[in-house]
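Here is the structure we will look at.
Computed from the coordinates by the stated procedures, all read-outs in this text should not be read as laboratory data. A quick note: this is a predicted structure, and the numbers were derived from the prediction, not measured. Ideal geometry is used to build each Cβ from the backbone, glycine not excepted, and the neighbour counts take in all protein chains shown.
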Ligand SMILES: Cc1cc2nc3c(=O)[nH]c(=O)nc-3n(C[C@H](O)[C@H](O)[C@H](O)COP(=O)(O)OP(=O)(O)OC[C@H]3O[C@@H](n4cnc5c(N)ncnc54)[C@H](O)[C@@H]3O)c2cc1C
């Protein structure tokens, strides 16, 4: 794999980097305090083609490769980690709808995701089961031309999403990972109510529970074949896991870059802090680990671009990058001394935000289970 970025990738990276520095970073804390991303910023992201740019042009995307999509995600996250969720969730959901939705349903929803007009969330987990997502309690019962959905899902953008892809049990038997179907559900349908979670980070995303009380969903909103939702649609997560890796790396790399500057300017014991190995070495280590995590994510995206297996690599991205990014930001915060602890700097906010993605989309333990299963097969894996 060639790891040199092309002229086009460099140009898009710089464009996204400028947008993140000018439009996103100055209002990072404000968005957290308000608890939402301004619709105007969403639309600007869409106008610039920063949301789900890898989707085909015919459906509203730009037809770019997925490595470029990852590069853009990292740049956006340098400015505002929460805004980068628009790209990650947009790519995940956009791809599911583009490949599994009826063409009229895809045409109704996907271009608007890419343009930043609306958000479509993804509700895989439930309050009672996240890691064990193959045992949903949300049920979907066929009733004439509709399905009736009853149960609860947890999702990012729980407050702002106009619709959500949800996974519900359509089979009679409770068998783990079987008899589960995916649906696109507009969240303004009668019987839908929302409850917001009070999270420690990414408050601009606004996570929450969505309750479905006999919600009537047209049968054409079924995604893929009935009963096959779990296995078919879950493959999309191999893509978003590498994007999440780069999202975390973006927030951490911004922190490391700022900290290199800070330690070369601040003095203690009559010399710049950078002259102490105890200061420069943790930064050198963090920079190294982030570079390694970024390359792992690029490689995973490149495998996906070439249609090659990448499930294990995607799981590696998802546990390694959030962990190394969290540790890098923690070190940067400490190297700023008391200033790092204050809310005028973005370090503590980034630390809280990145921590969420050590849990969201699957924990490190679950990712290691996936890697072990890929290497050993289910019989021998834990
Ligand atoms: C920031 C954030 C964003 C999120 N966004 C979404 C979203 O958009 N859509 C959505 O559907 N969900 C979302 N979630 C939910 C998230 O995916 C789940 O919280 C996550 O999968 C873990 O599930 P759980 O919280 O039920 O923990 P549990 O499954 O109860 O796990 C608790 C602990 O036990 C460990 N554990 C569980 N099973 C095993 C095992 N077999 N082996 C070893 N250890 C195990 C876990 O690793 C964890 O440490 C989000 C969560 C967060 C924090």
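Annotations
- Estimated FRET transfer efficiency (residue 257, residue 220; beta-carbon r; R0 45 Å; 0.05): 0.40
- Listed peptides 250-262, 290-302, 227-239 by packing density, highest first (mean Cβ within 10 Å): 250-262, 290-302, 227-239
- DSSP bridge analysis restricted to the chain gives an antiparallel fraction near 85%, rounded to the nearest 5.
- Exposure proxy order (Cβ contacts within 10 Å, fewest to most) of 275, 318: 275, 318
- Extending 7 Å from Cα along the Cβ direction at residue 22 and again at residue 368 yields two label points whose distance is 4.5 nm.
- The label point for residue 135 and the one for residue 4, both projected 7 Å from the Cα toward the Cβ, are 5.3 nm apart.
- Convex hull volume of region 233-382 per residue (C-alpha atoms, cubic angstrom): 115 Å³
- Mean-square fluctuations from a GNM of the chain, with a 10 angstrom spring cutoff on Cα atoms, peak among 224, 79, 144 at 144.
- Radius of gyration over Kirkwood radius for the chain, both on Cα atoms: the Rg/Rh ratio is 0.98.
- Rg/Rg_globular for region 122-227, with Rg_globular taken as 2.2 N^0.38 Å and Rg from C-alpha atoms: 1.02
- Taking 0.36 nm per residue of separation and subtracting the Cα-Cα distance, full extension of the segment from residue 312 to residue 284 would add 7.3 nm.
- Approximate spin-label separation residue 269-residue 295, in nm, with each point projected 7 Å along Cα-to-Cβ: 3.3 nm
- Whole-angstrom gap from region 10-87 to region 208-255, using each part's C-alpha centre: 19 Å
- Computed extension length for residue 173-residue 143: 9.0 nm, one decimal, from 0.36 nm per residue of separation with the Cα-Cα distance subtracted.
- Length-normalised contact order for region 23-74 - Cα pairs under 8 Å, 6+ apart - percent: 19 percent
- For the chain, modelled as a GNM whose springs connect Cα atoms under 10 angstrom apart, the maximal fluctuation among 200, 135, 367 occurs at 200.
- Under the criterion of Cα pairs below 8 Å and six or more residues apart, the relative contact order for region 298-382 equals 32 percent.
- Burial ranking of peptide ranges 89-97, 169-177 (average Cβ count within 10 Å, highest at the top): 89-97, 169-177
- For residue 30 and residue 381, a Förster radius of 56 Å and the Cβ-Cβ distance give a FRET efficiency of 0.80, rounded to the nearest 0.05.
- Put in order of Cβ neighbour count within 10 Å, fewest first, the listed residues 154, 99, 69 become 99, 154, 69.
- Note on residue 104 and residue 235: with the Förster distance fixed at 41 Å, the Cβ-Cβ geometry gives a FRET efficiency of about 0.95.
- Length-normalised contact order for the chain - Cα pairs under 8 Å, 6+ apart - percent: 16 percent
- Largest GNM mean-square fluctuation across 357, 189, 320, computed for the chain with C-alpha springs under 10 Å, falls on 189.
- Region 351-365-region 125-157 distance, computed between alpha-carbon centres (Å): 22 Å
- Residue-averaged [θ]222 nm for the chain, counting only DSSP H segments that reach four residues, each worth -39500 (n - 2.57): -16500 deg cm²/dmol
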